[in-house]
Amino acid sequence: MLQGFKDFITRGNVIDLAVGVVIGAAFGGITTALVESVINPFIAGLVGKPSFDNVLAFQFGLFGDPATIKVGVLLSAIVNFLLVAAAIYFTIVLPMNKLAERRAKEVAEAPAKEPTASPEAILLAEIRDALLAQKQL
């Protein structure tokens, strides 16, 4: 039972996943800083306060104190999500895709190398040829 767990944990894809989660969490700080410190102030400079928190807010309550329904908070979350997604796409995904395309093009244009046999394969071929020669005698 413990050996199976050890095998599961030491597989490369589990470790890669763990590293990806840690890097993703660290990268979250970068994207949050980009959105909050660059994109939101830019939008605020263009159109005013970049928050929709009080848009479509209304009071609702049949009994007792009315509750405040703030649809604008949802709108703000959606806009922030779209801004973060756009920031990630244009700063990370798009450049990485271009780099991958460039690498794929370089690989496609590179001359194909002749496959070289390992010394073991060469020795085995010689042994095979010698055995065939003996068999024919």
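State all residues of the stretch 103-120 that are surrounded by fewer than 10 Cβ atoms within 10 Å (Cβ to Cβ) and assigned to a helix (DSSP H, G or I); if no residue qualifies, say none. Explain how you work it out, then say what you get.
Residues of the stretch 103-120 that are surrounded by fewer than 10 Cβ atoms within 10 Å (Cβ to Cβ), as a first pass: 106-116, 118-120.
Residues satisfying the conditions are GLU106, VAL107, ALA108, GLU109, PRO119, GLU120.
A quick yes/no check of all residues on (1) outside any loop (DSSP other than H, G, I, E, B); (2) of a type in the set (Gly, Ala, Ser); (3) under 26 Å from ILE92 (Cα atoms):
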{"site": "GLN3", "(1), (2), (3)": "yes, no, no"}
{"site": "ASP16", "(1), (2), (3)": "yes, no, yes"}
{"site": "GLY20", "(1), (2), (3)": "yes, yes, yes"}
{"site": "ALA25", "(1), (2), (3)": "yes, yes, yes"}
{"site": "THR31", "(1), (2), (3)": "yes, no, yes"}
{"site": "PRO41", "(1), (2), (3)": "yes, no, yes"}
{"site": "PHE58", "(1), (2), (3)": "yes, no, no"}
Every listed condition ((1) among the hydrophobic types (A, V, I, L, M, F, W, C); (2) more than 30 Å from the chain's Cα centre (by Cα); (3) under 30 Å from ILE92 (Cα atoms)) holds for LEU62 save (3)
Suppose we filter the stretch 17-37 for residues that are of a type in the set (Phe, Trp, Tyr) and closer than 11 Å to VAL84 by Cα; how many remain? 0
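Readers should treat all values here as calculations from the given coordinates under stated rules, not as data from a laboratory. None of these values were measured; they are calculated from a predicted model. Every residue, glycine as well, gets a Cβ built from its backbone with ideal geometry; the counts of neighbours run over all protein chains shown.
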